[in-house]
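Okay, so here's the structure we're looking at.
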Amino acid sequence: MVWVCKSSWLIIGVVLMCKYDECHSECTGGSDCRSCTAACTSCQNCPNARSACTGSTVCHKAQTCTGSTGCYNAMTCTRSSECNNAQTCTGSHDCHNAQTCTGSYDCYNATTCTGSTNCYRATTCTGSTNCHRATACTGSTGCPGSGA
């Protein structure tokens, strides 16, 4: 009888440990999600979420941001801000190092801009602004030889 009791406690301990880990790896809602290490959805203060942030704030380590802020290290940003190191930005802000920008702002180093602003180094611009180095410009401003 004692052996069964010990086994039961062992199983309960493992289940509780797994549940604890799950709770802290992905968070939904909350004002302080610092303990979330994988993903945040509709959370505030998610500086440690490494995978994704959706509708969240302070997403400093997230690789993907959707409708979020503080996405400094995200590789992909959609409707997000502070996407300083993103490679792809869609409807986002502060896409300083993005290679591709669509409907985004401050795409300083992008090679392709569509409907975006401040595409200083872009070689292809469509409906964008400040395309100072563009070799292909369609409906854009600041293109070499455009006079705009």
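Odds and ends about this structure:
- Pairs where the first residue, in the range 111-128, is under 10 Å from Cys101 (Cα atoms) and modelled with pLDDT of 95 or more and the second is of a type in the set (D, E, K, R) and assigned to a loop (DSSP other than H, G, I, E, B), C-beta under 7 Å, 6+ apart: Thr117/Asp106; Ala122/Arg133
- Pairing each residue of the range 83-100 that is in contact (Cβ under 8 Å) with a residue 40 or more places away in the chain with any residue that is assigned to a loop (DSSP other than H, G, I, E, B), provided the two are 6+ apart or on different chains, yields no C-beta distance under 9 Å.
- Among the residues listed as Asn130, Asn84, the single one being polar (S, T, N, Q) and out of contact with any Gly (no Cβ under 8 Å at 6 or more places or on another chain): Asn84
So that you can scan it fast, the table gives a plain yes or no per residue for (1) part of a strand (DSSP E or B); (2) at pLDDT 95 or above; (3) of a type in the set (Val, Ile, Thr); (4) within 21 Å of Ala122 (Cβ to Cβ):
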| position | (1), (2), (3), (4) |
| --- | --- |
| Cys27 | yes, no, no, no |
| Cys33 | no, no, no, no |
| Pro47 | no, yes, no, no |
| Ala62 | no, yes, no, no |
| Ser68 | no, yes, no, no |
| Ser80 | no, yes, no, yes |
| Asn85 | no, no, no, yes |
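- Restricting attention to the range 65-96, the residues that are farther than 20 Å from Thr112 by Cβ, in contact with a strand residue (DSSP E or B) (Cβ under 8 Å, 6 or more places away or on another chain) and surrounded by fewer than 24 Cβ atoms within 10 Å (Cβ to Cβ) add up to 2.
The values are calculated or read from the model by the stated rules, or taken from the named source; none is laboratory data. Being a predicted model, the structure only gives us computed values, none of them experimental. Cβ atoms come from the backbone with ideal geometry, glycine included; neighbour counts cover every protein chain shown.
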